[in-house]
Ligand code: F6R
């Protein structure tokens with residue numbers, strides 16, 4: 001993970017770099033820092049607090065050449081020494097790095113210098129220093145010795161060089177000079193066009209000239225891309241991003257449906273004929289929406305499997321040339337998902353990216369793209385994007401089975417009538433002391449249970465598990481006692497009675513049950529759900545459970561937008 005930026009400008013670039021870092025903070029917020037050139041020397045300022053603290057510390061600093069970093073710790077704990085930028089042992093070169101240098105231990109043993117940090121990145125800056133030639137030559141020859149991934153920005157003697165392998169990096173001219181960042185949304189200044197660096201490409205950046213190089217050090221020409229204008233006119237402002245984003249779900253589902261009904265998204269697709277098999281690959285919350293998608297496809301008679309990206313890549317799956325492979329990802333940047341997409345592209349499979357970020361890496365790999373129109377998510381925990389992914393997968397399943405036209409009224413009715421439902425405050429007070437929480441459900445409700453449990457763990461740090469209700473008696477029931485809270489989701493009509501029997505088994509062991517359901521039932525504490533068509537219930541039912549995680553987090557005094565140990569974009573494997 002981590003976000004990097006670099007500026008070479010006519011005027012003071014420090015404020016630009018800090019502003020970019022603020023936008024890149026979603027990529028990691030363990031620490032941050034900048035290095036800049038001042039009177040021929042490199043000065044470095046770091047913070048273990050946040051970008052606002054870095055901003056205060058650099059208010060009076062000026063420089064025309066700055067590199068910046070916001071960190072998600074991989075190698076070495078969260079300390080100032082491990083915070084980037086890292087300097088070479090002579091203090092002449094400074095580097096910021098996003099990625100992992102896998103062979104850093106071997107490289108370190110062969111470098112004859114003193115190290116200040118435990119990071120792989122400090123090894124890289126010293127490796128660069130040990131090479132011969134100009135800065136660009138040194139960076140390119142060092143990169144050849146490196147195994148792993150990197151997006152780097154390096155400064156030495158007033159020169160700025162950037163390069164990348166696997167981790168994203170974009171460069172651009174703007175009216176004040178040149179810029180490089182991990183994400184095009186972090187360009188500060190008036191950028192109209194930008195360049196995408198491909199793997200093993202490098203650039204030397206001067207105020208008014210960017211030169212590109214390949215891994216052999218040869219100059220290459222690159223075409224500029226137009227910077228897309230991302231305007232978000234539906235932002236709800238609440239006290240946290242997470243609360244705003246859950247509340248935005250209704251608007252973004254409406255927007256998404258409008259886009260799918262009015263634009264050419266489906267007619268632009270180049271799909272295999274008569275699809276009989278769809279395989280979905282994703283991580284985390286996106287994996288849960290993929291699981292939901294597989295259920296929708298199966299309902300339409302399309303055989304469907306779902307894979308966790310980090311497992312699929314090294315697994316033994318038998319590929320099917322006639323199948324469609326769907327990669328679900330909010331960011332479109334997740335390293336594990338991207339690695340699978342690249343692998344399947346090499347094998348000439350049919351690929352489709354379902355993403356929430358225009359111009360993302362995954363969209364560029366896959367021949368087909370289905371966008372979700374959820375707008376940017378700032379909170380680390382994905383909420384509105386999850387609902388949009390589930391919604392688009394449902395719409396796509398109808399499209400594939402040629403039932404979309406017949407269901408348009410139903411879809412419109414849903415987006416008009418659907419209401420955002422907070423978690424009941426009194427109930428929260430009653431159950432918030434439970435430390436052992438199970439989420440149970442059957443069929444699609446089990447998938448909702450998985451997502452609800454992940455949300456709770458992620459932001460409130462309460463350990464919880466999700467389990468198919470019928471599976472409890474095969475082992476996990478041993479954990480149930482009067483200290484156990486079981487949140488049961490029941491929206492699937494055909495397994496309703498079975499689920500209720502499972503809940504009786506829990507109650508018989510002293511467990512407290514809360515039923516989240518659109519069916520009437522007097523036997524349990526109930527969170528009544530708005531009744532909608534069964535296929536929309538995964539969206540209806542997850543909302544109060546997202547709020548449950550949020551309200552528990554707030555009750556415990558944590559910041560839901562920045563959970564510990566996590567980052568919004570997971571760009572390392
Ligand atoms: C959890 C969450 C993560 C992401 C996962 C994949 O709330 O957001 O589990 O879903 O890291 O990220 P994307 O969707 O960007 O590929």
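Bear in mind that the values in this text are calculations on the coordinates, not laboratory data. Here the structure is a predicted model, which means the values were calculated and not measured. Note that each Cβ is placed from the backbone with ideal geometry, even for glycine, and that neighbours are counted across all protein chains shown.
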message: Compute the angle between helix 444-460 and the longest alpha-carbon principal axis of the chain, please, reported from 0 to 90 degrees and rounded to the nearest 10.
response: 50
query: So how far apart, in nm, are the two label points at residue 345 and residue 38 if each is 7 Å from Cα heading toward Cβ?
result: 4.3
- prompt: What shape does the stretch 3-226 have by the C-alpha gyration tensor, where a ≥ b ≥ c are the square roots of the eigenvalues, rounded means a/c under 1.5, and otherwise prolate means a/b greater than b/c and oblate the rest?
  reply: rounded
query: Within the stretch 492-534, what residues put their amide N at less than 17 Å from the label point 7 Å along the Cα-to-Cβ vector of residue 478?
result: 509
- request: State the Cα centre-to-centre distance between the stretch 333-367 and the stretch 237-274 in whole Å.
  value: 19
message: Suppose each label sits 7 Å from its Cα in the direction of the beta carbon; what would the residue 91-residue 116 distance come out to in nanometres?
response: 0.9
- request: Compute the FRET efficiency between residue 147 and residue 62 as 1/(1 + (r/R0)^6), taking r as their Cβ-Cβ distance and R0 = 60 Å, and round to the nearest 0.05.
  value: 0.95
- prompt: What ranking do 113, 553, 5, 387 get, fewest neighbouring Cβ atoms within 10 angstrom at the top?
  reply: 113, 553, 387, 5
Order of 513, 96 under a 10 Å beta carbon neighbour criterion, fewest first: 513, 96
- request: Give the order of 35, 88 when sorted by the count of other beta carbons within 10 angstrom, beginning with the fewest.
  value: 88, 35
task: Grab the Cα-Cα distance for residue 504 and residue 12, subtract it from 0.36 nm times how many residues apart they are, and report the gain in nm with one decimal.
output: 170.4 nm
- prompt: Remind me, relative contact order of the chain in percent, using alpha carbon pairs under 8 angstrom and six or more residues apart?
  reply: 12
query: Rounded if a/c is under 1.5, else prolate if a/b is larger than b/c, else oblate: which is the chain, with a ≥ b ≥ c the root eigenvalues of its Cα gyration tensor?
result: prolate
message: With angles folded into 0 to 90 degrees, how steeply does helix 284-299 sit against the dominant principal axis of the chain? Use alpha carbons for both and round to 10.
response: 50
task: Can you tell me how much longer the chain between residue 49 and residue 403 gets when fully stretched, taken as 0.36 nm per residue apart minus their C-alpha distance, in nm with one decimal?
output: 122.2 nm
- line: To the nearest 10 degrees, the tilt of helix 120-130 (Cα long axis) against the first principal axis of the alpha carbons of the chain is 20
statement: A student applying the Cα gyration tensor rule (rounded when a/c is under 1.5; otherwise prolate if a/b is larger than b/c, oblate if not) would label the stretch 427-552 rounded
query: Working out 0.36 nm times the residue gap between residue 237 and residue 209, then minus their Cα-Cα distance, what length gain in nm do you get to one decimal?
result: 6.0 nm
